[in-house]
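Since the structure comes first, as structure tokens, the remarks are kept for the end.
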């Protein structure tokens, strides 16, 4: 599921061999894993789980941080057209993409002027896709998809409140606690007392 993160844009002051290796090497040398990076025209975008640590070691090594940008990470399948489908959905929502690159685990890193709009557009695309092409025709499958859509919509909010849990939790519990009956139907079961 898509989620918000942040990346750092760092300038490589000199265009010579070894500068990219120095920038990425100082981050990995500090024991920080790099989830993704892209170098475009002397600017390196770095995505790391410990962004504060990455910023500190890059600045200590003499690199200048140009910006910290909030980005959206979108997992995509390793199939032809997967990224194009995501970008088409964003184009249909009139969202301009500033830059994008691929991170580890087949995740698209998408920077836009309003990252929350990217999250909303992807959540709406998920909801429409589930409504128009339901693959699971059982009550349990429908409950699971309903919970997934509600969670996706809640993740796109600029603020979140713990009482939102009551919107998706009943659906998630139905999906998790249902068991198969011999005739192919499903039934909700309660744990047996010892």
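The values are calculated or read from the model by the stated rules, or taken from the named source; none is laboratory data. Keep in mind the model is a prediction, meaning the values are calculated, not measured. No Cβ is skipped: glycine too gets one built from the backbone with ideal geometry, and neighbour counts run over all protein chains shown.
Details
- In the range 14-30, the residue that is surrounded by the fewest Cβ atoms within 10 Å (Cβ to Cβ) out of those that are in contact (Cβ under 8 Å) with a residue 24 or more places away in the chain and out of contact with any strand residue (DSSP E or B) (no Cβ under 7 Å at 6 or more places or on another chain) is 15.
- Flag if residue 74 is touching a helix residue (DSSP H, G or I) at 6+ places or on another chain (Cβ under 8 Å), assigned by TED's automatic domain parsing to the domain that holds residue 106 and in contact (Cβ under 8 Å) with a residue 40 or more places away in the chain: yes
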